[in-house]
Amino acid sequence: MALAIFDLDNTLLNGDSDHAWGEFLCRKGVVNEGEYREANDRFYQLYKEGKLDILEFLSFALKPLAQHSSEKLSTWHAEFMSDVVEPMMLPKAEALLQQHRDAGDQLMIITATNRFVTGPIAARLNVPVIIATEPEQIDGKYTGQVTDTPCFQEGKVVRLNRWLEENSETLEGSYFYSDSINDLPLLEGVTYPVAVNPDERLTAIATERDWPILDLRG
């Protein structure tokens, strides 16, 4: 059984769920629209440039979770799934997941976006294992803080290596699909790295190293 690992945002989805959740909060009037959107866009641009300070971003992104009840957050997330995430779904991405299922591979999503946002998306895609950034909860309420190593850049390698050890698995024969230069550390660690609709910098590296480049949007 090989491990087939997938980035989520702009790989399995036609868009970024983290940024989209921020936009959703703006449209709902949950946050100050002008200020929040400006910060959300700025952080997203830094992410795309490979310059994001992940702890600074998480301080911003997790704050709304701490300001509302779990019941209200769940209601909003259900609306987010139907109105925002479903239109991001890519038939070719779902077909690729099914191809690996049919081959008997172990499917996994590994994402920098926090588990509150991404856990239901992984369930929708029928991917049983997700490694995500973990927002802290105390007595069932989000604190606005993060626990564990953020699942970002080298942090993805750290978190994956721990999962491999805990589950007596290896990266022998493994695949990793990603769009982002931020995922280069993990792409370099698997047997079969695959660039999916990659950004400019990852396109250059994939071309130089003769990695496959997939288009799941066309």
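We did not get these values from a lab; they are worked out from the coordinates using the rules stated. Computed from a predicted structure; not experimentally measured. Every residue, glycine as well, gets a Cβ built from its backbone with ideal geometry; the counts of neighbours run over all protein chains shown.
In table form, for the structure just shown:
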| quantity | calculated |
| --- | --- |
| Rg/Rg_globular for region 131-206, with Rg_globular taken as 2.2 N^0.38 Å and Rg from C-alpha atoms | 1.29 |
| Out-of-range pairs (alpha-carbon distance over 30 Å; input K28/K48; K28/K156; K72/K92; K28/K141; K92/K156) | K28/K156; K72/K92 |
| Burial ranking of peptide ranges 6-16, 168-178, 99-109 (average Cβ count within 10 Å, highest at the top) | 6-16, 168-178, 99-109 |
| Taking only Cα atoms of the chain, radius of gyration then Dmax in Å | 16.9, 50 |
| Among N40, N126, N167: highest mean-square fluctuation, GNM of the chain, C-alpha pairs under 10 Å | N167 |
| Gaussian network model of the chain, springs between alpha carbon atoms under 10 Å - residue of P150, P91, P193 with greatest fluctuation | P91 |
| Most positive-pole-ward Cα, M81, V127, A66, against dipole of region 59-172 from beta carbon charges | A66 |
| Mean Cβ count within 10 Å, highest first, over the residues of peptides 70-82, 110-122 | 110-122, 70-82 |
| Gap separating the Cα centres of region 18-76 and region 150-191, nearest whole Å | 26 |
| Relative contact order [Cα under 8 Å, 6+ residues apart], region 1-47, whole percent | 25 |
| Relative contact order %, region 61-218, counting alpha carbon pairs below 8 Å whose residues are six or more apart | 17 |
| D_trans [Stokes-Einstein, Kirkwood Rh over alpha-carbon pairs] for region 68-124, 37 °C, 0.692 mPa s, µm² s⁻¹ | 253 |
| Cα lying deepest toward the dipole's positive end in the chain, options I205, H19, M1, charges on Cβ | H19 |
| Assigned charges on the beta-carbon of Lys, Arg, Asp, Glu; the chain dipole about Cα centre (debye) | 360 |
| Cα pair distances in region 1-66, grouped into 10 Å bins until the bin that holds the longest one, percent each | 19, 48, 25, 7, 2 |
| Shape box of region 9-115 [Cα atoms, principal axes, largest first, Å] | 47, 34, 21 |
